[in-house]
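The values are calculated or read from the model by the stated rules, or taken from the named source; none is laboratory data. Keep in mind the model is a prediction, meaning the values are calculated, not measured. Neighbour counts are summed over all protein chains in view; Cβ atoms, including those assigned to glycine, are modelled from backbone coordinates with ideal geometry.
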Amino acid sequence: MTKPIRLLVLGTGGMAKAHATAFALDPRVELVGACDVVPGRAAEFAKAHGMAKSFEDLDAAIAWGGFDAATNVTPDAIHHPTTMKLLKAGKHVLCEKPLAENFALADEMAKAAEQAGLINMVNLTYRNVAALHVARKLVTDGTLGRIRHVEASYRQSWLVGNHWGDWKTLPMWLWRLSQKHGSKGVLGDVGIHILDFASFGCSSELVAVQPRLKTFHKADGDRIGEYPLDANDSAVMTVEFANGAIGVIQASRFMTGHDNELHLRIHGDKGAVEVRHFEGWTELRACTGDDVNTMAWRHIKPEPVETNYRRFINAVAAGKNEEPDFRHAADLQRVLDLCFDRDGSGLVRV
């Protein structure tokens, strides 16, 4: 029998439970330990998920060494230093998004993983949406013809509704509106998701972007208590892809009536496809073949796809990396950095 892949869960906050639960379903995985700097939290997490070891310091976990791979679920700013330590120790890493706070750090992580020959993936969760893979296949097999136009949006509305609580009084939301508290606004929060959703769906990388970010007035003095409300609330990009298509990519917390949704439309000269992904369900439809003459759209039921968690274990077992890897995430971060640096300045080549 093949030895199990021993996995360390690094960071035991909210998303860590999803990671541990998903990996526990894979018979090839043995959850061997948890690590968190908050006193007592790793021990509690390890007990809840049947792990024998817990650590309050990554160096101690690495010194122990009884794991083959780690899933990095630490806060964004901690991804770089912790992942670099793991790679130096020869451990395969699945890292939460974004890979790092900026392209320079993300690029360093990608280079380190590549040079070490280690498995490296980023948990861009919407790669788990089966409909997105169907849309991509319609592009790659030529069903849609030459891609001409792409529309993509990440839609939230928690700034205009109370469905996620009262943002004016809850620190868990207020910090997301404050650059002082580490927020890069909606673009920094979900921008990497919608960029990946669009570029993966149309099977082409971005080559140019024209960004426009907007922070709206939301309170007297644009401040609530210790929180300056200065992070961007909406972001719009006109873009060009390597395949020649142009399009619009946007993200906003002011898309009233939408909870947490990703929309993608890909238009080619032979057909079009649309993906609408909501919490808990997805709609996929296409207009292809003779239907382009009548503008009829037909619904498609996609087959399930393997999750990022399972594909990470596939990669470790096979010794061959899978997407989305660190290099892809670093390239997306480069686009996001350009959007922040060149906001409102016109078209920028990527």
Search the range 92-108 for residues that are among the charged types (D, E, K, R) and pair each with any residue that is assigned to a loop (DSSP other than H, G, I, E, B) when their beta-carbon atoms are under 7 Å apart and the residues are at least 6 apart or on different chains.
-> Glu96/Val73; Lys97/Leu124
Could you list, in sequence order, the residues of the range 23-79 that are closer than 21 Å to Val122 by Cβ and charged (D, E, K, R)?
-> Asp26, Arg28, Asp36, Asp68, Asp76
Residue check for Leu262: within 26 Å of Asp107 (Cβ to Cβ) and surrounded by 15 or more Cβ atoms within 10 Å (Cβ to Cβ) | no
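Could you list all residues from the range 301-350 that are among the hydrophobic types (A, V, I, L, M, F, W, C) and under 17 Å from Ile192 (Cα atoms)?
Phe326, Ala329, Ala330, Leu332, Val335, Leu336, Leu338, Cys339, Phe340, Val350
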Does the range 202-232 hold any residues that are farther than 30 Å from Glu323 by Cα and within 20 Å of the chain's Cα centre (by Cα), and which are they?
-> Ala231
If you go through the range 48-67, how many residues are farther than 16 Å from Val38 by Cα, touching a residue at least 40 places away in the same chain (Cβ under 8 Å) and small (Gly, Ala, Ser)?
-> 1
Could you please find all residues in the range 177-200 being assigned to a helix (DSSP H, G or I), at pLDDT below 95 and more than 19 Å from Leu338 (Cβ to Cβ)?
-> Lys180, His181
Quick check: is even one residue across the range 280-289 of a type in the set (Gly, Ala, Ser) and surrounded by fewer than 20 Cβ atoms within 10 Å (Cβ to Cβ)?
-> yes
Pairs, please: C-beta under 8 Å, at least 6 apart or cross-chain, first residue in contact (Cβ under 8 Å) with a residue 60 or more places away in the chain and in the range 224-239, second basic (Lys, Arg)?
-> Asp233/Lys214; Asp233/Lys218; Asp233/Arg253; Ala235/Arg212; Ala235/Lys214; Met237/Arg212
Pick from the range 314-335, criterion aliphatic (A, V, I, L, M) and touching a strand residue (DSSP E or B) at 6+ places or on another chain (Cβ under 6 Å), ranking: surrounded by the most Cβ atoms within 10 Å (Cβ to Cβ) | Ala329
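I'd like the residue in the range 182-241 that is of a type in the set (D, E, K, R) and under 28 Å from Thr282 (Cβ atoms) and, out of all such residues, is surrounded by the most Cβ atoms within 10 Å (Cβ to Cβ). Spell out how you get there, then give the answer.
Here is the first cut: in the range 182-241, the residues of a type in the set (D, E, K, R) are 184, 189, 196, 205, 212, 214, 218, 220, 222-223, 226, 230, 233, 240.
From the residues that got through so far, the ones that are under 28 Å from Thr282 (Cβ atoms) too are 184, 189, 196, 205, 233, 240.
On the way: Lys184: 20, Asp189: 20, Asp196: 24, Glu205: 16, Asp233: 22, Glu240: 19.
Among them, the one singled out is Asp196.
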Counting only residues that are outside any helix (DSSP H, G or I), buried (at least 20 other Cβ atoms within 10 Å of the Cβ) and touching a Ser or Thr at 6+ places or on another chain (Cβ under 8 Å), the range 154-176 contains a total of 3
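Would you say Gly319 is closer than 30 Å to Asn162 by Cβ and among the small types (Gly, Ala, Ser)?
no
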